[in-house]
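Read the structure below first, then the notes.
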């Protein structure tokens, strides 16, 4: 805190330096055990990414509601990305590895196929959103490109939110 006071005195702001010198910050503990909070942080981060993706597309749909500027069929990519998000996170890593307590109704092979289809849908919607951005807005040189950017970012945020939710959490606490 003395460094702040020195910096403020160097700039001639002596009245503020006394105010900042009286503020005490707690000692920084850099030894935080993230293992206990890993699931919480990953879930919050994935939720924020998912929410941000849908918030961007809702903003684009409200601002460009006419069919000529923003075709309503472009929402299909976001819906498919959301279905893929749910499919990817519907099976646990234990089911995919075969370590789960029960085989379930589809077993290990079915869980792997389900996960593969979910990833295919996620990558497909991300690639389709890039096609919408470039094929529908950039190459034809439309005057408004934001709806295409919004479609791409919606799918990118949902995709990365799904990855964070799937691989950012640990299942050790459940067993």
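Quick look at the numbers
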item: Additional length obtainable on full extension of the chain from residue 75 to residue 90, 0.36 nm per residue less Cα span; result: 3.1 nm
item: Geometric extent, Cα atoms of segment 37-174 - Rg, Dmax (angstrom); result: 17.2, 57
item: Distance in nm between pseudo-label sites at residue 130 and residue 167 (7 Å out along the Cβ direction from Cα); result: 1.7 nm
item: Segment residue 120-residue 45, extension gain: residue separation times 0.36 nm, minus the distance between their alpha carbons; result: 24.7 nm
item: Long-range tail of P(r) for segment 45-93 (Cα pairs > 12 Å, %); result: 70 percent
item: For peptides 105-114, 42-51, sequence by mean Cβ density within 10 Å, most packed first; result: 42-51, 105-114
item: Virtual paramagnetic centre 7 Å along Cα→Cβ of residue 97, amide N under 16 Å, in segment 131-175; result: 166-175
item: Inter-probe distance in nm under a simple model that places probes 7 Å from Cα toward Cβ, at residue 83 and residue 113; result: 1.7 nm
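Read-outs: derived from the displayed coordinates by stated rules, not from any lab. Note that the structure is a prediction, hence the values are computed from the model and not measured. We place every Cβ from the backbone using ideal geometry, glycine too, and count neighbours over all the protein chains shown.
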